[in-house]
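A short write-up of the structure that comes next.
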Amino acid sequence: MDFFRSSSFNQETASLFMDEKIASARGKIIEALNESLTANTTQKCEIIAKVQELIIHSDAELLLEFLDNILAFAHDSNQEVRKSVAGFIEEVCKSNISLLPKVVHILFALLRDTAPSVTKRVIQGCGAIYKQALQWICSLSDITEEVEQAWNTLCLIKASILDMIDNDNDGIRTNAIKFLEGVVILQTYPDEDSMKRENDFSLENIPLTLKIARRRKLEDEAGHIFELLIQFHAASYISLVNLIACTGTLCIIAKMRPSMMNQVVEALSNLHSNLPPTLSNSQVSSLRKKLKMEFLNLLKHPACYEHQTTIVQILQDLGASNSEIGRAIPKLDKREQQRRAKRARDSSMSSQLAAKKAKLSEHMRREKERSAAAAAAVSSEPRQMEIDYDELNEQKARSNVLNEQFLNDNLKKVEVVAQLVLNNLTKLPPEPPQQFAQNYSSMPANTTVPQQIQKIAQVFAQQMTDVRVGPGSSAMTKEPPMRPKISDDEERSIIQGFQKNLQKLKNGGR
């Protein structure tokens, strides 16, 4: 009996102590907020940090009581104070993600802040917030209107950050790349070779019954974002900082989602062969070191088995020693090697079938267009025709590939190169043409001979395509390809359809 009395007494004592602790914290918070009325910038940031420490790790009621007081600092005239609010919101969401509906509108406003430092701080926090929000809505049995609105706003934030990959500020672009890396990983499926992380979350964890975030829509969006990252990585105007960040992001995606390994290895191989012309010699050296490190890390991944030969050749060109390469190659038993080799063949066949299917679909589309054109010709008002630039560009691309391969093979022969020089030396003009002076850019000093040949072949292949000579001429029709001209009404209908799909994407893929 005495034991139960003692237990009850202890509970009452603990409750009183907790109430006392909360009351003390409340008093300190009120005092700090009163001080902020006359505080300078540094003091305001310190006050936000102090209040954050008191309410984040205290009673939930205390957090709700003073949440709006801290969010009000988001309208402060000083950017450092607004940055502190962005950090506070991140900590609030980490502590209690169910408060997202109360803070997400402030987060969106801070993302569009005029100060780049505030925008960068928001993007840095959004990576963790987006993941936690997705996990949270997946755990809810009932999606309220408030939760749905919060998710829609978060999807607008995601779309806004995607647009920032073309921002003028280098730092904003870098942070946007890292955020998009997380989105691609969250919105795709892992497989048996996926690198594991603590607290992993992916599409397979999203309930099929969740209406505001459909698996298929999220996966399509992730694929679109991944393609944009690949395109950005290949851009000639990209800065070294962005290029290194994007290279690291693509490699992490490849290790987490091996189904994308082929595209990443191809992107890195293309970068190795065609370094941006804007980089200085020291920047080229830094980039080559980064590529060497990333290729060695990729080589360790089991999903890179089918790319080992390609990667080893590139690593040797980047200066990796045989011992470094040997240590990176994973040790697989014969049975596992056979299994992976079979999987590589199956994957290659699937890719070929997909390519054939796409080609067949394109052929059917063109046949449909021709039928429509024929039907239009029969009608009283025949449709006007215009050049089919999509088909023309495809023909040029095929021609470039054929010409480039032809040049690449022949420029490796010393006697061919010598004969070309001797035959054309007397034809050189006394002064360089203006077009040559405008377009010429010297190759970096540390490029290898195969890289130089590849670059020369690309330039000459383009010129041969333009005048329709060489093996590539077989890929081009004698006359420019034509198609029925789209009327203004049809064009408006297409634009409206595109805008409708874009709005769906911004509304969370619904």
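The values are calculated or read from the model by the stated rules, or taken from the named source; none is laboratory data. Quantities reported herein were computed from a predicted structural model and do not represent experimental measurements. As a convention, Cβ positions derive from the backbone with ideal geometry for all residues, glycine included, and neighbour counts pool all protein chains shown. Remember, those area values only see protein heavy atoms, side chains included, never the ligands or the DNA or RNA. Shrake-Rupley method; radii C 1.70, N 1.55, O 1.52, S 1.80 Å.
Checking Ser285 against (1) in a helix (DSSP H, G or I); (2) at pLDDT below 95; (3) closer than 19 Å to Gly127 by Cα, only one condition comes out false. Which one?
All conditions pass for Ser285, except number (3).
Name every residue in the range 406-415 that is in a helix (DSSP H, G or I) and surrounded by 13 or more Cβ atoms within 10 Å (Cβ to Cβ), in order of residue number.
Phe406, Leu407, Asn408, Asn410
Could you grab me the full set of residues in the range 192-210 that are open to solvent by less than 40 Å² (accessible area, probe 1.4 Å) and within 14 Å of Ala222 (Cβ to Cβ)?
Within the range 192-210, Phe201, Ser202, Leu203, Ile206 qualify.
Could you list all residues from the range 100-111 that are open to solvent by 10 Å² or more (accessible area, probe 1.4 Å) and within 28 Å of Ala23 (Cα to Cα)?
The answer is Pro101, Lys102.
Anything in the range 303-319 that is at pLDDT below 90 and either in a loop (DSSP other than H, G, I, E, B) or open to solvent by less than 50 Å² (accessible area, probe 1.4 Å) (or both)? List them, or say none.
Across the range 303-319, the qualifying residues are Ala303, Cys304, His307, Gln308.
Tell me yes or no: at least one residue of the range 215-233 is among the polar types (S, T, N, Q) and touching a residue at least 12 places away in the same chain (Cβ under 8 Å).
No, that holds for no residue.
Test Asn270 against the criterion of being open to solvent by 50 Å² or more (accessible area, probe 1.4 Å), more than 19 Å from Leu180 (Cα to Cα) and within 22 Å of the chain's Cα centre (by Cα), and give yes or no.
Yes.
Does Leu134 satisfy being in contact (Cβ under 8 Å) with a residue 60 or more places away in the chain and either small (Gly, Ala, Ser) or open to solvent by less than 30 Å² (accessible area, probe 1.4 Å) (or both)?
yes
Condition check ((1) at pLDDT 90 or above; (2) within 20 Å of Glu65 (Cα to Cα); (3) not in a helix (DSSP H, G or I)) across all residues:
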{"residue": "Phe3", "(1), (2), (3)": "no, no, no"}
{"residue": "Ser7", "(1), (2), (3)": "no, no, no"}
{"residue": "Ala14", "(1), (2), (3)": "no, no, no"}
{"residue": "Ile22", "(1), (2), (3)": "no, yes, no"}
{"residue": "Arg26", "(1), (2), (3)": "no, yes, no"}
{"residue": "Leu37", "(1), (2), (3)": "no, yes, yes"}
{"residue": "Thr42", "(1), (2), (3)": "yes, no, no"}
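Under the condition of being farther than 18 Å from Gly182 by Cα and either out of contact with any helix residue (DSSP H, G or I) (no Cβ under 9 Å at 6 or more places or on another chain) or not β-branched (Val, Ile, Thr) (or both), which residue from the range 112-123 is surrounded by the most Cβ atoms within 10 Å (Cβ to Cβ)?
Asp113
Can you name the residue in the range 217-245 that is surrounded by 15 or more Cβ atoms within 10 Å (Cβ to Cβ) and β-branched (Val, Ile, Thr) and, of all such residues, is modelled with the lowest pLDDT?
Ile238
Find the residue count for the range 250-282, including only residues that are charged (D, E, K, R) and either in a loop (DSSP other than H, G, I, E, B) or in contact (Cβ under 8 Å) with a residue 12 or more places away in the chain (or both).
2
Matching residues to (1) at pLDDT 95 or above; (2) more than 12 Å from the chain's Cα centre (by Cα); (3) open to solvent by less than 20 Å² (accessible area, probe 1.4 Å):
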{"residue": "Gly125", "(1), (2), (3)": "yes, yes, yes"}
{"residue": "Tyr130", "(1), (2), (3)": "yes, yes, yes"}
{"residue": "Thr144", "(1), (2), (3)": "no, yes, no"}
{"residue": "Asp163", "(1), (2), (3)": "no, no, no"}
{"residue": "Thr174", "(1), (2), (3)": "yes, no, no"}
{"residue": "Leu180", "(1), (2), (3)": "yes, no, yes"}
{"residue": "Pro190", "(1), (2), (3)": "no, yes, no"}
{"residue": "Arg215", "(1), (2), (3)": "no, yes, no"}
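Within the bounds of the range 472-480, is there any residue that is in contact with a strand residue (DSSP E or B) (Cβ under 8 Å, 6 or more places away or on another chain) and at pLDDT 75 or above?
There is at least one residue in the range 472-480 that is in contact with a strand residue (DSSP E or B) (Cβ under 8 Å, 6 or more places away or on another chain) and at pLDDT 75 or above.
Quick check on the range 46-88: of everything there that is open to solvent by less than 10 Å² (accessible area, probe 1.4 Å) and touching a residue at least 40 places away in the same chain (Cβ under 8 Å), which residue is farthest from Cys126 (Cα to Cα)?
Top of the filtered list is Leu62.
Go through (1) touching a helix residue (DSSP H, G or I) at 6+ places or on another chain (Cβ under 6 Å); (2) not in a loop (DSSP other than H, G, I, E, B) one by one and return the number of the condition Tyr189 breaks.
(2) is the only condition that Tyr189 fails.
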